[in-house]
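Just passing along the structure, written as structure tokens.
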Amino acid sequence: MPELRWIGHAAVELDLKDKKIIIDPFITDNPKSAVRLEYFDSFDIIVVTHDHYDHLGNTVDIVKRNSKVKILATYDLEVYLNKEFKIPFERMIPANVGGYINEGEIRFALTQAIHSSEHSDPTGVIVSDGSVTIYHAGDTGLFEGMKLIGEVFSPDYALLPIGGRFTMDPHQAAIAVSMIKPKKASIPIHYNTWDAIKVDPSDFEKEVKERGYRSIILNPGDKLEL
Ligand SMILES: [Zn+2]
């Protein structure tokens, strides 16, 4: 059974077919992390949406502990990780915003995100095992291209930042849901990690419902069968 687990903040685990995937593994400095670093010793792929510290997080530490895990990110970010942290290119899956990247039975695609970053452009990511498709928006403001992301990838689930200040807030994220049209549910992330991004997720839940869509509010550590 495909499974999603919200680790906390923007860190999301996906267990699809034979692959264990972690998106944005911000763990040791994450006050909401549900797990410790060793949890990722058996993982296959780390997706990094951008290099802000709360997203790149413990990527380098996990690569040093786990000899099989690979990083999927924009090529430019990978070049930076190679230069700065000496991570060899054979541990990287090169990518950029565009078409699918196939890794065994899992397909990935990077998407646009309206945000900033130090190295390379920020992204969101689509992950699909053929039966279920998940869109993790990364850090982003609201943008009209989300309509296109919904149209091109038809996600079943959309993981959307709602914390405001650095990303969409609950109202903007509810508008995003109307554009993406997730077939099963939207799940809010990137909120209440710190006071600066404190919001009430029920505001999101209410407006998403008014717009005719379903949302699922998780707590850090919660698992969801997809
Ligand atoms: Zn960011």
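On average, how much accessible surface per residue is there in the stretch 110-152, in Å², for a 1.4 Å probe, leaving out ligands, DNA and RNA?
Result: 39 Å² per residue.
Let me ask something else about it. What does the convex hull of the alpha-carbon atoms of the stretch 1-113 project to on average, in nm²?
Convex hull of Cα atoms, orientation-averaged projection: 6.8 nm².
Another question, then. Find how much the distance from E144 to K20 grows on full extension, using 0.36 nm per residue of separation minus their present alpha carbon separation; answer in nm with one decimal.
Value of the extension gain: 41.5 nm.
Using the crude model of +1 on Lys and Arg Cβ and -1 on Asp and Glu Cβ, and no other charge, please compute the dipole size for the chain relative to its Cα centre, in debye to 20.
In total the dipole reaches around 320 debye.
Give the separation of the Cα centroids, the stretch 178-201 to the stretch 47-108, in Å.
When both Cα centres are located, 25 Å separates them.
Still on this structure, I have one more. Taking every DSSP beta bridge that has both residues in the stretch 3-213, what percent is antiparallel when rounded to the nearest 5?
The antiparallel proportion sits near 55 percent.
Find the Rg to Rh ratio for the stretch 106-148, where Rh is the Kirkwood radius over alpha-carbon pairs and Rg uses the same atoms.
A ratio of 1.01.
Run the accessible area of the stretch 1-73 with a 1.4 Å probe and give the carbon-and-sulfur part as a rounded percent.
Reported share for carbon and sulfur atoms: 45 percent.
Just the number, please: Stokes-Einstein D of the stretch 3-213 in µm²/s, Kirkwood Rh from C-alpha pairs, 10 °C, 1.306 mPa s.
For the chosen part, D equals 94 µm²/s.
The values are calculated or read from the model by the stated rules, or taken from the named source; none is laboratory data. None of these values were measured; they are calculated from a predicted model. Here the Cβ is made from the backbone with ideal geometry for all residues, glycine too, and neighbour counts use every protein chain on show. Surface areas here come from the heavy atoms of the whole protein model, side chains and all, with no ligands, DNA or RNA. Shrake-Rupley method; radii C 1.70, N 1.55, O 1.52, S 1.80 Å.
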